[in-house]
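Asks: Sharing a structure here in structure tokens format.
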Amino acid sequence: MVRAVGLAPFASKPEESRGRLHPESEHSTRSPFQRDRDRIIHSTAFRRLTHKTQVFVYHEGDHYRTRLTHSLEVAQIARSVSRALGLNEDLAEAVALAHDLGHTPFGHAGEEALDAAMSPFGGFDHNDQTLRVLTRLERRYAEFDGLNLTWEALEGTVKHNGPLIGASGKPLPATIAAYVQSHDLELRTWASAEAQVAAMADDIAYNNHDIDDGLRAELFSVADLDSVPLVGPMFREVRELYPGLDGPRLIHESIRRLIDRMADDLIAETRRRAADAKLGSADAVRGLGSATVAFSDTMARHDKALKQFLFERMYRHYRVNRMSSKARRILNELFQLLLAEPQCLPTEWRQQTEFPGTADTARVVADYIAGMTDRFALDEHARLFDRYAKP
């Protein structure tokens, strides 16, 4: 067993891992969490992220973020923050790299479309779909379906945004509800500090890089950011430090400083919370009853203000709305046709269906569509609806 050294008392130790659903021998040179990370990187679902977008569809431009580049950026921030806090970098990285594997093509618009189409059959949730990918849909290994990740990696992926059973009263998504019957992920508790770091790294990366993409796409200008707390002052600070700096350098310099400022705040607040709670183990983090990894109150307000700005000026921009509308129509038409005519599915998928219109067939169709890249979804739609396209 490879042991981690120099970790904080409340970090996840590989030698204390709760293991895998299907027992495996330990590796001589890699810890269990390193193997988790490597399995995710080598998975088919991870490769597909390169052509799945968050806000823009792939043909809008070569420089906008995809799910893959976003996941890599989240992993980098998660590792840096984990290192500063004395947490297990490998587990944080694994959760960061896995967190978007269940997303549909066409970003949030695609998920909305698939959730609406699946509403008679239990709905669609990207977090639930990620667990399906990790435990069912990746079929690469001789002895099991899925990637057979450690308990800690699966727990962190499912619960990275907090407990799934509690005050919300929402029913559990189907895959998660079924999976925990045989592999209890303790859905009433918080996840490890590493998983919480991955979730906050996602927040930092998403917001700051959407500023970059929004400016690049000319959905808003630097001047429009003046009134946004933290962001506007940061751009002014950089302009004062470097008078006459050209636009691309101004944007990059400001955003890298924003990421650094937010990460520093996250580290300081997490240290304070861990010290106040006297956390002595990873399980103490789970049982704390509140988040261990978090922004300060001031930074949380800044983060909320930035989210509101991006919602109003970017995610609801008419150009984004037009692409989102197109995406929803494409996925809905694909779903309805394949649900009614599952014989149009590729052979390996058709063999998993029974009768048209059933819940089981709907779930197979949802799995098929959710795994598509933006480009493949557009091509598949053309093959099925364009009478002149080759099948």
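The values are calculated or read from the model by the stated rules, or taken from the named source; none is laboratory data. No experiment lies behind these values; they were computed from the predicted model shown. Positions of Cβ are backbone-derived with ideal geometry, glycine not excepted, and every protein chain shown enters the neighbour counts. Heads up: the accessible areas ignore ligands, DNA and RNA and are worked out on the full protein's heavy atoms, side chains in. Shrake-Rupley method; radii C 1.70, N 1.55, O 1.52, S 1.80 Å.
Asks: Evaluate the relative contact order of segment 87-237 (contact order divided by residue number), counting alpha-carbon pairs under 8 angstrom at least 6 apart; express in whole percent. Please report the intermediate quantities before stating the final value.
Replies: Values: 151 pairs, mean separation 34.3, N = 151.
Relative contact order here is 23 percent.
Asks: Hey, another quick one. Shape of segment 284-391 from its Cα gyration tensor (a ≥ b ≥ c, root eigenvalues): rounded if a/c is under 1.5, otherwise prolate when a/b > b/c, or oblate? List each step's numbers first, then the result.
Replies: Details: a/c = 3.84, a/b = 1.72, b/c = 2.23.
In terms of gyration-tensor shape, oblate.
Asks: How high is the relative contact order of the chain, in percent, counting Cα pairs under 8 Å that sit 6 or more residues apart?
Replies: Details: 582 pairs, mean separation 80.6, N = 391.
So the answer I get is 21 percent.
Asks: Using a probe radius of 1.4 Å on heavy atoms only, what accessible surface per residue do you get for the chain? Whole Å² is fine.
Replies: Numbers: 17860 Å² over 391 residues.
Computed with neighbouring chains in place, this is 46 Å² per residue.
Asks: While we're here: Going through segment 204-296, which GluC sites (Glu not before Pro) have at most 13 other Cβ atoms within 10 Å and a DSSP loop state? Each step should come with its number before you reach the end.
Replies: Working: sites: Glu218, Glu237, Glu240, Glu253, Glu269; in loops: Glu218.
Here the sparse-neighbourhood loop sites are Glu218.
Asks: Ok, one more. Tell me the carbon and sulfur percent of the accessible area for the chain, rounded to whole percent, probe radius 1.4 Å. Provide the component values of the computation, followed by the final result.
Replies: Working: 8870 of 17860 Å².
Carbon and sulfur atoms account for 50 percent of the accessible area of the chain.
Asks: Could I ask something else about it? log₁₀ I(q)/I(0) of segment 288-347 at q = 0.13, 0.23 Å⁻¹, via Debye over equal Cα point scatterers, no solvent, to two decimals?
Replies: Debye intensities relative to I(0), on a log10 scale: -0.66, -0.92.
Asks: Among the aspartates and glutamates, which have Cα under 19 Å from the Cα of Lys170 when same-chain residues fewer than 8 positions away are ignored?
Replies: Straight-line reach from Lys170, under 19 Å: Glu111, Glu112, Asp115, Asp125, Asp128, Glu155, Asp184, Glu186.
Asks: Which of rounded, prolate, oblate describes segment 142-194, given a ≥ b ≥ c as roots of the alpha-carbon gyration tensor eigenvalues and a/c under 1.5 marking rounded, otherwise prolate only if a/b is larger than b/c?
Replies: Verdict is oblate for segment 142-194.
Asks: Hey, another quick one. Place +1 on the Cβ of every Lys and Arg and -1 on the Cβ of every Asp and Glu in the chain, take the dipole about the Cα centre, and give the residue among Thr361, Ala142, His42 whose Cα lies farthest towards its positive end.
Replies: Final value for the positive-end residue is Thr361.
Asks: For segment 198-261, what is the relative contact order in percent, using Cα pairs closer than 8 Å and at least 6 residues apart in sequence?
Replies: On the way: 32 pairs, mean separation 24.0, N = 64.
This gives 38 percent for segment 198-261.
Asks: List the lysines whose Cα sits under 27 Å from the Cα of Lys326, skipping any in the same chain fewer than 8 residues away.
Replies: List returned: Lys52, Lys307, Lys390.
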